[in-house]
Structure formats: C-alpha cells, structure tokens
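Here's the structure we're looking at; comments come further down.
All of the numbers you see were taken from the coordinates with simple rules; none came from a lab. The structure displayed is predicted, hence computed values, not measured ones. Reconstructed Cβ throughout: ideal geometry from the backbone, glycine too, with neighbour counts over all protein chains shown.
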C-alpha cells in the first residue's frame, strides 16, 4: 500500500478555512434552485474560493455542503453577498433546520486516488498560517 500524500503539513503550514452548511430538507421549489445556483456561481467567482463538496446522509436525510476558502474574509464575502442574504431570509420555506460550522483546516492527506478541492492543481496558493481570533 503506497504511503499517504500529505498536502498540508508542519513544513507547509498555510491557512485554509471551511464553511460547512448542514441542513434538513423540506420541499425545494424554483426559487430555491434559482438562489442555490446563484450562490454557487457567486462563491466560485470570488477571490479566495478554493472548492466545494456536498454530501447527503441517506439514513438521516441531512445534507452537508462544504466550501473551502483561503481566508475568513473571503468566506465572509459570500456570507454578505445579497443573494446569500436573500436565501437566508427565506430558508424556513425550504429547510427543516440547519447548522453552520466554520473550521480552520490543519491538515489534509490521502492516497491521491480521490479528487479533492484541497489537492486540485487549480487551487490557488494559500495565505500564511495565522491563529483564529476569538469570536471570529
């Protein structure tokens, strides 16, 4: 078995953040799909966006969308985007509860067989490592 490839290590410490949006679905309509597409397009066009993943737990029905960012400021830009704010104001029409988790990525590794936003050759260089501010 080949050794795991470490993407971020103590020798290559760079800051990276994730925003994970976990939610329980209700019925989606055309407005939801329009806003969802617009938010995804906005995120992908923003400086500091690195990639995204989406998961659905078949047993619980929960969905998890993970966005990868170079900085907290880049992440905040999406959170303040008008389309995101519009969707957030109407979320109760489509969601039966949600949770957002903001995390700092310390390390990412694997055997290089699965494509991932953190190992993509298109990923832009990351900012130098810094500590999260309290309350950020």
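In the stretch 41-57, the count of residues that are in a helix (DSSP H, G or I) and either touching a residue at least 24 places away in the same chain (Cβ under 8 Å) or within 20 Å of residue 95 (Cα to Cα) (or both) is one or more. Name the single residue, out of those in the stretch 95-120 being within 26 Å of residue 26 (Cβ to Cβ) and within 11 Å of the chain's Cα centre (by Cα), that is surrounded by the most Cβ atoms within 10 Å (Cβ to Cβ). Selected residue: 102. Output the residue which, of all residues in the stretch 28-40 that are more than 20 Å from residue 117 (Cα to Cα) and without any contact (Cβ under 8 Å) to a residue 12 or more places away in the chain, is surrounded by the fewest Cβ atoms within 10 Å (Cβ to Cβ). Taking the candidates together, the pick is 30.
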